[in-house]
Amino acid sequence: GKQVIFKDYVNGYPKESDMIVTSDATICLELPKDDGGLVLLKNLYLSCDPYMRGRMSKPFEGTYVDSFVPGSPISGYGVAEVLDSTHPDFKKGDLISGSTNWEEYSLITNPESLIKIQHTDVPLSYHIGILGMAGMTAYVGFYEFCSPKKGDIVFVSAASGAVGQLVGQFAKLYGCYVVGSAGSKEKVDLLKNKFGFDEAFNYKEEQNLGAALKRYFPNGIDIYFENVGGKMLDEVLPNMRLQGRIAVCGMISQYNLDRHEGIYNLVFLLMKRIRMQGFIVIDHYHLYPRFMETMLPLIQERKITYIEDTVEGLENAPAALVGLFTGKNVGKQVVAIVHE
Ligand code: NDP
């Protein structure tokens, strides 16, 4: 079957050629019965996530995930069907989500991290998007780190993405006023017309970001849900209100730079008594049951919508992953595997 192999550690922006798609992998479709801890998966959907850029670098200080192994398949979150299992918790025919490899079939030796999918009445790919890590990140980030109050003025960057589109909708459901920024007209239209943001703007078209923020937030920002970092963060700081909160979810504009950009306006943290806090979603999976209980009815009652950008075939997976860093994706980037 096909595999996407990680070639070697990456500097700067990742390129499609940092990965090789091969089709010579062989896999035995039956497991030795005496083992007790193996699960054989037929992979169905793969998730493309910005944190995977960190895994393409040589192991570095402060990282919280292992680097990919040069010469081995890329790994990440996926949805798969169990073809065979010697693990008591999984049986043939089960659908799972969890950590898998970028290949048609995977032999999983540590199935403890797999979650059995209980809800098949929603699109299966939702389990790596709105009901997966992206959904959890939006949920944890907004409810645990933004301390929202009804009427708060909220700004979300990378707002049409996998996480951002949900943060904006959570904030609207909470009774906040929400503005989002994104990198194209199509995305801005989605924010206003599909996700119900009160306002949205294309940050690439603003000569002066500070002036744009003044225009959209004449009374300042209570909550900034930070996805991009860099210049945007710098311009947001002076526009925060007293006692504002900044949830630092990500800083995608910085991931491909050898040297991170400086932030000049940090003194506003002090002057405006702002609380700014970073979080990593993997620390908060104890909230997963509560998250599922909240999300499923919202989806079923159509109180929340989710847009995915799906490419078909493993051969298109490298471009999809790399495209996150140029804003090619419109919504959650998914790879649907085509089995021959
Ligand atoms: P998205 O679906 O939002 O895809 C990434 C988007 O980022 C692109 O579409 C692009 O949109 C935007 N982008 C790319 N480069 C830049 C840049 N230089 N400046 C501004 N925007 C840029 O990804 P996710 O929703 O999965 O992730 C969003 C953020 O959340 C990321 O920073 C990610 O690292 C973070 N994250 C953090 C987690 C945590 O545990 N803390 C967990 C999951 C995600 P546009 O066209 O608008 O520029």
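Go over the candidates V179, V188 one by one and state the one that is out of contact with any Cys (no Cβ under 8 Å at 6 or more places or on another chain) and either within 16 Å of I304 (Cβ to Cβ) or more than 11 Å from the ligand (Cβ to nearest atom) (or both).
Details: V188 fails: either within 16 Å of I304 (Cβ to Cβ) or more than 11 Å from the ligand (Cβ to nearest atom) (or both).
Just one listed residue meets the conditions, V179.
Restricting the search to segment 77-105, which residues are farther than 14 Å from S47 by Cβ, assigned to a strand (DSSP E or B) and either touching a residue at least 60 places away in the same chain (Cβ under 8 Å) or not assigned by TED's automatic domain parsing to the domain that holds M52 (or both)? Walk me through how you get there before you give the answer.
Of segment 77-105, the ones farther than 14 Å from S47 by Cβ are 81-95, 103-105.
Next, only the ones that are assigned to a strand (DSSP E or B) stay: 81-85, 95, 103, 105.
Passing the criteria: E103, Y105.
Table: residues versus (1) in the same structural domain as S253 (by TED's automatic domain parsing); (2) under 19 Å from N101 (Cβ atoms); (3) of a type in the set (V, I, T); (4) assigned to a helix (DSSP H, G or I).
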residue	(1), (2), (3), (4)
N11	no, no, no, no
S17	no, no, no, yes
A25	no, yes, no, no
L31	no, yes, no, no
D35	no, yes, no, no
L44	no, yes, no, no
P59	no, no, no, no
D66	no, yes, no, no
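Any residue at all in segment 281-291 that is hydroxyl-bearing (S, T, Y), part of a strand (DSSP E or B) and within 16 Å of the ligand (Cβ to nearest atom)? Steps first, please.
So in segment 281-291, the residues hydroxyl-bearing (S, T, Y) come out as 285, 288.
Okay, now just the ones that are also part of a strand (DSSP E or B), so none.
Among the residues of segment 281-291, not one is hydroxyl-bearing (S, T, Y), part of a strand (DSSP E or B) and within 16 Å of the ligand (Cβ to nearest atom), which makes the answer no.
Sort out which residues of segment 297-340 are β-branched (V, I, T) and either within 16 Å of the ligand (Cβ to nearest atom) or in contact with a strand residue (DSSP E or B) (Cβ under 9 Å, 6 or more places away or on another chain) (or both), and write them in order of number.
Within segment 297-340, the subset β-branched (V, I, T) is 299, 304-305, 307, 310-311, 322, 326, 330, 334-335, 337-338.
Hits for segment 297-340 are I304, T305, I307, T310, V311, V322, T326, V330, V334, V335, I337, V338.
Can you say whether F201 is within 11 Å of the ligand (Cβ to nearest atom) and either hydrophobic (A, V, I, L, M, F, W, C) or at pLDDT 95 or above (or both), as far as the supplied structure shows?
Numbers: within 11 Å of the ligand (Cβ to nearest atom): yes; either hydrophobic (A, V, I, L, M, F, W, C) or at pLDDT 95 or above (or both): yes.
The answer is yes for F201.
So, in segment 249-267, exactly how many residues are within 14 Å of the ligand (Cβ to nearest atom), surrounded by fewer than 16 Cβ atoms within 10 Å (Cβ to Cβ) and assigned to a helix (DSSP H, G or I)?
Qualifying residue count for the region: 1.
Here are the criteria: (1) in contact with a helix residue (DSSP H, G or I) (Cβ under 7 Å, 6 or more places away or on another chain); (2) under 27 Å from K187 (Cβ atoms); (3) assigned to a helix (DSSP H, G or I); (4) not aromatic (F, W, Y). Tell me which single one A317 does not satisfy.
Checking A317 against (1) in contact with a helix residue (DSSP H, G or I) (Cβ under 7 Å, 6 or more places away or on another chain); (2) under 27 Å from K187 (Cβ atoms); (3) assigned to a helix (DSSP H, G or I); (4) not aromatic (F, W, Y), the one that fails is (1).
Quick one: is D152 surrounded by fewer than 18 Cβ atoms within 10 Å (Cβ to Cβ), more than 8 Å from the ligand (Cβ to nearest atom) and not aliphatic (A, V, I, L, M)? Before the answer, list the steps.
Details: surrounded by fewer than 18 Cβ atoms within 10 Å (Cβ to Cβ): no; more than 8 Å from the ligand (Cβ to nearest atom): yes; not aliphatic (A, V, I, L, M): yes.
Taking the combined requirement at face value, the residue does not satisfy it.
The values are calculated or read from the model by the stated rules, or taken from the named source; none is laboratory data. Quantities reported herein were computed from a predicted structural model and do not represent experimental measurements. Every residue, glycine among them, receives a Cβ derived from its backbone with ideal geometry; neighbour counts consider all protein chains shown.
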